[in-house]
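Taking it in order: structure first as structure tokens, then the write-up.
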Amino acid sequence: MSIEDDVTRLLVEWKAGNEQARDNLIPILYEELHRMAARYLRNERAAQTLQPTALVHEAYMRLVQQQLPDWESRSHFFGVAAYLMRQLLVEHARRQHTRKRGAGVANVPLDEALTFAAGSSALIVDLDDALKALAAFDERKSKIIELRFFGGLSIDEVAKALELSSATIGREQRLAEAWLYREMGHGQE
């Protein structure tokens, strides 16, 4: 049995009320969440005040506070975790960045925005705003970006989670990235 299958099995058992399954998941989930958080904060100026461990702890606490979570699979769990981490990063960025939207923000390539390499709290807020706008008219494309870049899932894992083909995920990801690029003001130069 693969680690992915093992995590899915344990999540399903936890959903059914098995506290031992939850306890067995803690080290596995914590390690993966920590990797996600470290990737988000790598080269991020916010990392000076927000460490991966703090981000993981806050996300983990929000995840496990649910009485009987409705986890269907590893992909589903990390999709929810990605959403929570995104929200935590945005909350942190909004606290750190109180200037008007876009004031003094450098024009940064979208791929850097999606991997948080730009080092700007304002960029995280702008990306969150753009993802919300995308979700308003195409929720699936927004979810694909969230799962890929915030959840760290591969194209195949996203395809499995959303019950679509890998080719569809790749195509929709490219369209979503182009839309976000334009929405964030990069296509108007």
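The values are calculated or read from the model by the stated rules, or taken from the named source; none is laboratory data. Remember, it's a predicted structure, so these values are computed and weren't measured experimentally. Note: ideal-geometry Cβ built from the backbone for every residue, glycine included; neighbour counts use all protein chains shown.
For this structure, a couple of remarks:
- Residue-level analysis places residue 172 outside the set of residues that are crowded, with 19+ Cβ neighbours inside 10 Å, touching a helix residue (DSSP H, G or I) at 6+ places or on another chain (Cβ under 6 Å) and either part of a loop (DSSP other than H, G, I, E, B) or at pLDDT below 90 (or both).
- Residue in the range 137-146 that is in contact with a helix residue (DSSP H, G or I) (Cβ under 9 Å, 6 or more places away or on another chain), under 19 Å from residue 5 (Cβ atoms), crowded, with 20+ Cβ neighbours inside 10 Å and not basic (Lys, Arg) present: no
- Once the range 42-62 is narrowed to residues that are modelled with pLDDT of 75 or more and either in contact with an Asp or Glu (Cβ under 6 Å, 6 or more places away or on another chain) or charged (D, E, K, R) (or both), the residue that is surrounded by the most Cβ atoms within 10 Å (Cβ to Cβ) is 58.
- Test for residue 133: is it at pLDDT 80 or above, more than 26 Å from residue 73 (Cβ to Cβ) and over 15 Å from the mean Cα position of the chain (by Cα): yes
Conditions tested, residue by residue: (1) in contact with a Leu (Cβ under 6 Å, 6 or more places away or on another chain); (2) surrounded by fewer than 12 Cβ atoms within 10 Å (Cβ to Cβ).
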{"residue": "11", "(1), (2)": "no, no"}
{"residue": "16", "(1), (2)": "no, yes"}
{"residue": "25", "(1), (2)": "yes, no"}
{"residue": "28", "(1), (2)": "no, no"}
{"residue": "32", "(1), (2)": "no, no"}
{"residue": "39", "(1), (2)": "no, no"}
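- Cβ separations smaller than 8 Å between residues 6+ apart or across chains give the following pairs from the range 153-170 residues that are under 13 Å from residue 143 (Cα atoms) to residues that are aromatic (Phe, Trp, Tyr): 153/78.
- Restricted to the range 136-154, and to residues there that are part of a helix (DSSP H, G or I) and over 14 Å from the mean Cα position of the chain (by Cα), the residue that is modelled with the lowest pLDDT is 137.
- The range 84-97 residues that are under 17 Å from residue 56 (Cβ atoms), paired with ones that are not in a helix (DSSP H, G or I) (beta carbon under 7 Å, 6 or more apart): 92/50
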